[in-house]
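Read the structure below first, then the notes.
The values are calculated or read from the model by the stated rules, or taken from the named source; none is laboratory data. Being a predicted model, the structure only gives us computed values, none of them experimental. Positions of Cβ are generated from backbone atoms using ideal geometry, with glycine treated the same way; all protein chains shown enter the neighbour counts.
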Amino acid sequence: MNNLLYFRLMWGAGLCILLSQCTRPAILPQPVAAYFPAPTLLREGVAQKYYFHYQRPGHSETWTDINYLSYQWNDAQELVITNYRTDLTPNRMRRVTFEEGQMKTLEDVQYNGTDTLRKTLLQPVMRNWQSDTATSVKTSTEGIFLDRSVERQLQRRDTLVENRPAILFSGVYESVRISDSDTLRFSSAFSEIYAEGIGLYGQAFQSDRYQGSLELIEQMTLQEFKRRQQHGLERAAFIDPATVLGYRPDFKLCTRTEDIIDYYNPDPDIHYRGGKYALWKAIKPQLKTELLKGASGYLTFRFVINCEGEAGRFILETADLDFQPTSFPKATVAHLGKITAGLTDWPPVQLRGEPADAYAYLTYKIQEGEQIELLP
Amino acid sequence: MNKLNCFHSLALLTLLLQSCQPKPVLYQKNIPEASRKALSRQLVSGHQFHYQGTVSETLLMQEALLYDSTNAVPYRELAAPAVKRGLTKDFYRYYQGAVRHDPIEWQGWRGYLYLYFYHDYERALADFQALDALTPNFVDYPQSTSILFMSGICYLQLEDYDQAILFFDRHINEELKTVEEAYIGTETFLFKGIAQYKQKDWAAAKATFERGLRNADGKSADLWFWLSRTEAELGNPEAAKTAVANAQLQFDRGYYHDRTYVDEFYQTYREQLEDWAGHFE
């Protein structure tokens, strides 16, 4: 009886393993399937990291940037292709299907911050695996601009890359941007390689303005890519509104946190009205030297000035005179913080005539509680 | 029965091994050792795609360091936004890396930052002197500014006025080898004159401010202001009054020195001129 049970359990377990682990049928049709990641990867999602190399005519210097792309098969039996910027945030998403070797775009959306730009697809075939030609035509409207782009595949041929079978597509790309006052045209020749088990392996562009190429660096699971997206980095000078000091709780931005500029972006730079002379005049009468006792180092208040000229979102940054981490006496911080938050003659922030908010900072350089300088 | 189980187990194992494809191998580019330094430099150049201090730029510089941890430029690029945004510790940490890996290129730049952003005159001087030792018989111009001139400012701020005057004179003489005196920045004469003023050598200070004004065709609010102060010390209130009026005129025309990101040493302000002019009404 025990043996029979063992026998049945073994087969049952084996069957389960077979069903869950073994190869499932291809999800992309032939001949396309061979030139994309394996079905298991497409189902789980796979991300690919590329270097984009850029050269300008007449310049030998190459600029290299990092781009990413992910493939994921969705429940609607479509391939979702997402492109990502260097900071791993998405900037484009396309949904595509494959019919008789043709790669057809169902949706093409670009992301710019929180703005979404959806393209109208007039002709959807991006690539054709079974013949030389394919044409994709898209239009979109962005503010005052009407954009139209045409991408023509003119040739398809078999090739080998790193001993992998691959398909080389080549063609031309043309775009025109029309506004009331101007029409801008751009064209380039392109070539693109899809390699066995990979998908997009590389691209090259050539125009009269620049030449560029995309070089595959590594593949990773989408899970690993998502882990890398959690890098925890913020732009330099970022102030987390959740962790600010208590001064000016009623402070409001005129724009959004992600739109805050730096104090030196406007022309002229943002300075306290009247410069350091006026700043000293405002600060000096309030200074109580007894509250600076035992203090030494760079005590910096970083903050935001809004389009009304109000300061808020104060945060503290400290270093000793050797630029090492340190802390200042609580009384010193409270005293100088109150003075700094009480400064009211900041000019309203504007950028190109539009209301803006700007990061700024004021450093008190203190030596042994006495010598004080204001920086920067 | 045991034999049967054994047979079935083996059959199942064989079936599993044969029918399952291996897990797909993820692609990984092999970057040859010989090309890693060049790739690091290219990634640094890629900062042109991004605004300084963004997450994208930071990640790009980190990538550049992965290929060549001795490349000084990514450290400098990471330090630059920290300097401009009051992130004192980050400036120091990153610039240490830049200077460690390429002192000839970056030690003078760090000295410039110590001077203008942190008013750390001892450290600035140490960097200028170290750079000078690395490049003998040559005057360095980090951030397009002579180390002789910047050393003069350091000594001026450290109240070592003799040394300050010595360095400003060395700077003037060095410049005169290639340009006429009128092309030397008015700040040199301003700061040299201020050093003489602080020494209470009023006559010498006056001569230096006037020399600077001659070179600048009178277009310097700063020089007029300090000439006014010197005339006052010399007991010439009328001359002082005229000089400060000239200072206000030149200020309104935009002829005063200032500096991007930071206030200049001895920068002149409108309110300051008004306060000073008030003494002569």
Answer yes if at least one residue in region B:250-259 is part of a helix (DSSP H, G or I), within 25 Å of B:Asp162 (Cβ to Cβ) and out of contact with any strand residue (DSSP E or B) (no Cβ under 9 Å at 6 or more places or on another chain), and no otherwise. no
List every residue pair whose Cβ atoms lie under 6 Å apart, where the two residues are 6 or more positions apart in sequence or sit on different chains, the first residue falls within region B:31-52 and is within 30 Å of A:Asn265 (Cβ to Cβ) and more than 9 Å from chain A (Cβ to nearest Cβ), and the second residue, located anywhere, is polar (S, T, N, Q) and not in a helix (DSSP H, G or I). B:Ser40/B:Asn71
With respect to the numbered conditions (1) at pLDDT below 95; (2) under 24 Å from the mean Cα position of the chain (by Cα), which one is the sole condition not fulfilled by B:Lys177? (2)
Determine whether region A:233-255 contains at least one residue that is among the β-branched types (Val, Ile, Thr), under 36 Å from the mean Cα position of the chain (by Cα), crowded, with 18+ Cβ neighbours inside 10 Å and more than 28 Å from B:Asp120 (Cβ to Cβ). yes
If a residue counts only when it is of a type in the set (Ser, Thr, Tyr) and away from every other protein chain (no Cβ under 14 Å), which strands (runs of 3 or more DSSP E) contained entirely in region A:274-376 have at least 2 such residues? none
Does A:Ala166 satisfy the criteria of being away from chain B (no Cβ under 14 Å), assigned to a strand (DSSP E or B), small (Gly, Ala, Ser) and out of contact with any Pro (no Cβ under 6 Å at 6 or more places or on another chain)? no
Extreme residue, surrounded by the most Cβ atoms within 10 Å (Cβ to Cβ), among residues of region B:215-241 that are within 24 Å of B:Asn173 (Cα to Cα) and among the small types (Gly, Ala, Ser): B:Ser220
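So that you can scan it fast, the table gives a plain yes or no per residue for (1) surrounded by 17 or more Cβ atoms within 10 Å (Cβ to Cβ); (2) farther than 22 Å from A:Leu28 by Cα; (3) β-branched (Val, Ile, Thr):
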{"position": "A:Asn112", "(1), (2), (3)": "no, yes, no"}
{"position": "A:Gln123", "(1), (2), (3)": "no, no, no"}
{"position": "A:Thr133", "(1), (2), (3)": "no, no, yes"}
{"position": "A:Lys138", "(1), (2), (3)": "yes, yes, no"}
{"position": "A:Glu151", "(1), (2), (3)": "yes, yes, no"}
{"position": "A:Arg157", "(1), (2), (3)": "no, no, no"}
{"position": "A:Ile167", "(1), (2), (3)": "yes, no, yes"}
{"position": "A:Val172", "(1), (2), (3)": "no, yes, yes"}
Filter result (more than 23 Å from the chain's Cα centre (by Cα), of a type outside the set (A, V, I, L, M), within 10 Å of chain B (Cβ to nearest Cβ) and surrounded by 21 or more Cβ atoms within 10 Å (Cβ to Cβ)) within region A:30-89: A:Pro37
Only one of these conditions is not met by A:Asp322: (1) over 17 Å from A:Trp346 (Cβ atoms); (2) out of contact with any helix residue (DSSP H, G or I) (no Cβ under 9 Å at 6 or more places or on another chain); (3) exposed (fewer than 15 other Cβ atoms within 10 Å of the Cβ). Which number is it? (2)
Can B:Gly212 be described as more than 16 Å from B:Phe265 (Cα to Cα), assigned by TED's automatic domain parsing to the domain that holds B:Gln267 and buried (at least 24 other Cβ atoms within 10 Å of the Cβ)? yes
Just one of (1) farther than 24 Å from A:Phe301 by Cα; (2) over 11 Å from the mean Cα position of the chain (by Cα); (3) of a type in the set (A, V, I, L, M, F, W, C) trips up B:Val55, so point out which. (1)
Can you say whether A:Val161 is under 29 Å from the mean Cα position of the chain (by Cα), closer than 19 Å to A:Tyr201 by Cα and modelled with pLDDT of 95 or more, as far as the supplied structure shows? no
Any chance B:Glu274 is modelled with pLDDT of 95 or more, out of contact with any strand residue (DSSP E or B) (no Cβ under 9 Å at 6 or more places or on another chain), crowded, with 20+ Cβ neighbours inside 10 Å and of a type in the set (Asp, Glu): no
Being away from every other protein chain (no Cβ under 12 Å), under 30 Å from A:Phe314 (Cα atoms) and out of contact with any strand residue (DSSP E or B) (no Cβ under 7 Å at 6 or more places or on another chain) is the requirement here; does A:Pro249 meet it? yes
For region B:1-30, which residues satisfy the criterion of being within 7 Å of chain A (Cβ to nearest Cβ), modelled with pLDDT of 60 or more and not in a helix (DSSP H, G or I)? B:Pro24, B:Leu26, B:Tyr27, B:Gln28, B:Lys29
May I ask you to list the residues in region B:149-190 that are farther than 20 Å from B:Gln129 by Cα, in contact (Cβ under 8 Å) with a residue 24 or more places away in the chain, out of contact with any His (no Cβ under 6 Å at 6 or more places or on another chain) and part of a helix (DSSP H, G or I)? B:Glu181, B:Ala182, B:Thr186, B:Phe189, B:Leu190
Within region B:111-136, the count of residues that are of a type in the set (Gly, Ala, Ser) and surrounded by fewer than 19 Cβ atoms within 10 Å (Cβ to Cβ) comes to 3
Tell me, yes or no, whether region B:123-144 has at least one residue that is within 14 Å of chain A (Cβ to nearest Cβ) and of a type in the set (Ser, Thr, Tyr). no
Residues of region B:250-266 being touching a residue at least 24 places away in the same chain (Cβ under 8 Å) and more than 15 Å from the chain's Cα centre (by Cα), which ones? B:Gln250, B:Phe251, B:Arg253, B:Tyr255, B:Tyr256, B:His257, B:Tyr266
